[in-house]
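K.L.:
There's a structure below that I have some questions on.
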Amino acid sequence: MKQIGSLLLLLALLLSGCGGVSKEEYDAVVRERDALREELQKQQEKSPGTVTVKVTGEFTATVRSLIPDYETDDETPRMAVVTLFQSTPFTIYTGELTKHLEAGETYVFEVEMSRYDIITRQEYESGTLLNPEVAFSMYPSLYISNFRPAEESDWGLDSVHLAYEACET
């Protein structure tokens, strides 16, 4: 009985040390976030010809081949060679989703960005970088978040639905 009581006391002491983040650490992180946000606003004021954006949306493409990325290993396919409707092939990193893709099949790929990027006002207004062939080379933080098999209504000239989401500073 003494051993159980001692173990419970020891467990209680060990768990009491896991209190999470202290108030001082939290306040320091909040101050750092606010300083970075202020710095971003100053940079945007200095260069009014730029916009901070994220790319969101989806596009339909046919998978032509599944290939390794040659950075992590030379065997495991993690990239897809795809084509849009009547376009040249380009590669997209599909990561763990690659094992669910089949060459020769057409899919609707959903895209997201892990962070905001800065582009010129002209690029923002024209939307020229919203082509997946260009976007995946321009935005390293752009990735495929999900996909689904394409239906007949997803194919054709109107198969790219990417848009900019402007940053609220």
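K.L.:
Those residues that are among the polar types (S, T, N, Q), farther than 20 Å from Asp69 by Cα and either in contact (Cβ under 8 Å) with a residue 12 or more places away in the chain or in contact with a Ser or Thr (Cβ under 9 Å, 6 or more places away or on another chain) (or both), I need them from segment 87-145; list them, please.
P.N.:
Ser87, Thr106, Thr120, Gln122, Asn131
K.L.:
Only one of (1) surrounded by 14 or more Cβ atoms within 10 Å (Cβ to Cβ); (2) more than 17 Å from Val160 (Cβ to Cβ); (3) in contact (Cβ under 8 Å) with a residue 12 or more places away in the chain is not met by Pro68, so which one is it?
P.N.:
(3)
K.L.:
Would you be able to tell me the number of residues in segment 43-63 that are open to solvent by 20 Å² or more (accessible area, probe 1.4 Å) and at pLDDT 85 or above?
P.N.:
Initially, segment 43-63 is screened for residues open to solvent by 20 Å² or more (accessible area, probe 1.4 Å), giving 43-50, 54, 56-58, 62.
After this cut, where a residue has to be at pLDDT 85 or above as well, the list is 56-58, 62.
Selection size over segment 43-63: 4.
K.L.:
Another question, then. From Leu36, Leu66, which residue is hydrophobic (A, V, I, L, M, F, W, C), touching a Leu at 6+ places or on another chain (Cβ under 8 Å) and either under 30 Å from Glu151 (Cβ atoms) or at pLDDT 80 or above (or both)? Break it down into steps so the answer makes sense when it comes.
P.N.:
Working: Leu36 fails: touching a Leu at 6+ places or on another chain (Cβ under 8 Å).
Being hydrophobic (A, V, I, L, M, F, W, C), touching a Leu at 6+ places or on another chain (Cβ under 8 Å) and either under 30 Å from Glu151 (Cβ atoms) or at pLDDT 80 or above (or both) holds for just one of Leu36, Leu66, which is Leu66.
The values are calculated or read from the model by the stated rules, or taken from the named source; none is laboratory data. Just so you know, these numbers come straight off a predicted model, no measurement behind them. Reconstructed Cβ throughout: ideal geometry from the backbone, glycine too, with neighbour counts over all protein chains shown. Quick note on the areas: whole protein, heavy atoms, side chains included, nothing else; ligands and nucleic acids left out. Shrake-Rupley method; radii C 1.70, N 1.55, O 1.52, S 1.80 Å.
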